[in-house]
1. Would you check if there is a residue in the range B:95-108 being closer than 22 Å to B:Leu25 by Cα and not in a loop (DSSP other than H, G, I, E, B)?
2. Only one of A:Ile180, A:Ile223 is without any contact (Cβ under 8 Å) to a residue 40 or more places away in the chain, surrounded by fewer than 22 Cβ atoms within 10 Å (Cβ to Cβ) and part of a strand (DSSP E or B); which?
3. Restricted to the range A:121-159, and to residues that are surrounded by fewer than 22 Cβ atoms within 10 Å (Cβ to Cβ) and acidic (Asp, Glu), which residue is farthest from the other protein chains (Cβ to nearest Cβ)?
4. Within the range B:135-158, work out how many residues are farther than 17 Å from B:Leu114 by Cβ and either touching a residue at least 60 places away in the same chain (Cβ under 8 Å) or hydrophobic (A, V, I, L, M, F, W, C) (or both).
5. In the range A:25-37, which residues are within 16 Å of A:Asp15 (Cα to Cα) and surrounded by 15 or more Cβ atoms within 10 Å (Cβ to Cβ)?
6. Go through the range A:183-220 residue by residue and tally those that are assigned to a loop (DSSP other than H, G, I, E, B) and surrounded by 19 or more Cβ atoms within 10 Å (Cβ to Cβ).
7. Which ones in the range A:89-101 are within 12 Å of another protein chain (Cβ to nearest Cβ), in contact (Cβ under 8 Å) with a residue 24 or more places away in the chain and of a type outside the set (Phe, Trp, Tyr)?
8. Could you check the range A:109-120 and list, in sequence order, the residues that are surrounded by fewer than 21 Cβ atoms within 10 Å (Cβ to Cβ) and in a loop (DSSP other than H, G, I, E, B)?
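The values are calculated or read from the model by the stated rules, or taken from the named source; none is laboratory data. Predicted model, so just to flag it, every value in this text is computed and none were measured. As a convention, Cβ positions derive from the backbone with ideal geometry for all residues, glycine included, and neighbour counts pool all protein chains shown.
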Number of protein chains: 2
Amino acid sequence: MRRKVTLKQIAKELDVSISTVSKSLRDSPEISEDTRLKVQAFAKLYNYKPNNIALSLKNKKTKTIGIIIPEIVHHFFATVISGIEQVANECGYNVIVCLSDESFDKEVINMEMLANGSTDGFIMSLSKETQQKKDFHHLQEVINQGMPVVLFDRISNDILCDKVIIDDQLAAYEATNFLISKGLKKIALLTTVDYVSVGKLRTDGYLNVLHDHGIEVDENLIIRIEDTEHCDEKINELLENQSIDAILAVNELFAVTALKLAMSKGIKIPEDLSVVAFTDGIISKYSTPTITTISQNGIKMGRKAAEMLIKRLELEDEEDEHYKTEIIETNLIIRESTKS
Amino acid sequence: MRRKVTLKQIAKELDVSISTVSKSLRDSPEISEDTRLKVQAFAKLYNYKPNNIALSLKNKKTKTIGIIIPEIVHHFFATVISGIEQVANECGYNVIVCLSDESFDKEVINMEMLANGSTDGFIMSLSKETQQKKDFHHLQEVINQGMPVVLFDRISNDILCDKVIIDDQLAAYEATNFLISKGLKKIALLTTVDYVSVGKLRTDGYLNVLHDHGIEVDENLIIRIEDTEHCDEKINELLENQSIDAILAVNELFAVTALKLAMSKGIKIPEDLSVVAFTDGIISKYSTPTITTISQNGIKMGRKAAEMLIKRLELEDEEDEHYKTEIIETNLIIRESTKS
């Protein structure tokens, strides 16, 4: 292996500051494109490797995986953590969990804290605010320092790293198709605001299947819910004002709320209204009637994310840096809320 | 303030090894009672303060709280974490969560990892295995090193530290009393095995109220469930073989399972059978019928635990070491699963 060049050497060679080199390697817009490209080409030529912080981290393995998730009172994230824990335990790793509470700042603070010698790498799902801001410098920073990151569920294509997702668009397509195959056509969609990546993809899947079946899209049937607090109100409005025969909900909380509101109005489930929800959690399993769901396989997603991270942590040859995006299969779990 | 005496000085003065001093201060049974008492008296006399590790920790505040809980796929623990997060954020602290997965060894490993410079103190709920083994040396160790610990929910009286609990016995007493006040007498109890402290206390509350009303205890109506896997089977047996008119369940999973099994047998809720559950989680809120629950106020418990920990972390005068046990009030949330 060639001897590694340092940030300092690159700076000296190109007659720029160390900070300029560091920022250029992070693709910072603060640096002119000219300089950035020059630094990057030079670094590549001289096989530049992670900086000193990263090197010292590499030598001092913590055998700990840092997880950052948007919230914890959410069955899906809890199951992903279980999956990560399983593989981590099998491989002799510990797991530390931090919450962003859907806040960009908290995500940044948590990453900094954990990157500071507590963990070898990260498994993360982005906060709503991060997805809205599209500011990923904190992730870029730890990746550039040589700490691997695996994103799951709420990801961004702007970040080069390993990812684990479900095909949200396909899953929404198939679930809606299932409803159409039962002869249902007036299908409402209960979704989130568009900047949440998975909400957007699920909405696209819903729109595509309607299009493929020549069913006209009725914007009145697409309910975008910003937060769960206004969930009741918005769903009530839908049930009062629109004639629908099915609902696809992007999470089970929206689904069970719709189901209970409908029943309270004397609407029979599934005779008058069929309900399908994303995420197979405990609500869907224990509600009456039980709810047909798209299983996101949280455990499997967590296991896969942990496998990818540990594989990268234990890579001998650092040249092999092809990032992968693994797609976890979903399946429809048919229960009592849809016609048989 | 008097100058602090060191472990080494105590050892020299008493002509014993440093290790003997350290173990004596931890009340280790490896050391004879004679020596232990001598060392402890001497340490007290000379105002012995936490050892060097602790001192260096004291100086290098991490502003981070470590939480160790038995499991994450559990709404109650998730709400406690939310409560801790609220207060931590208000006071400028970060929060790190680790899971014991109900394993003693994992609890020990997590504590060691977090105590090693990652956190200033701990908020914990003991694993089943730790409660069964009654081995608390890992907690004792960090407490002796000057890192405060606040225990919540699953605690032990063998550990001297701050605690936050609900009065499980009183809550079970009141919930059962509520059923008795509705004229119900054949009340079954779905509980856990006795070494889980809260299960035991809830069972005691149930037994006490029956005794106070002169209702004979029927051991056949007390179902001790080791794990949720055998929950269905055991509850089915109860419903098949016993004539009961009410159920008190120590968690909502047992309650909803009983409710669904009963309904599948044509038993009407609440006409034929009333159901009350501990822990007001999402299952009880969204099941049909909704379930009457004892609210454990997870958020409040988490907030109180964080307040107690942060107060202790920020204590100027270390003399004030009276440990407190705070009792969070419970309340009965009456829903559709009990007669009105």
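1. For the range B:95-108, residues closer than 22 Å to B:Leu25 by Cα and not in a loop (DSSP other than H, G, I, E, B): present.
2. Answer to the selection: A:Ile223.
3. Once the filter is applied, the top-ranked residue is A:Asp158.
4. Here the count works out to 3.
5. Within the range A:25-37, A:Leu25, A:Ile31, A:Thr35, A:Arg36 meet the criteria.
6. Residues in the range A:183-220 being assigned to a loop (DSSP other than H, G, I, E, B) and surrounded by 19 or more Cβ atoms within 10 Å (Cβ to Cβ): 2 in total.
7. A:Gly92, A:Asn94, A:Val95, A:Ile96, A:Val97, A:Cys98, A:Leu99, A:Ser100, A:Asp101
8. A:Asn116, A:Gly117, listed by residue number.
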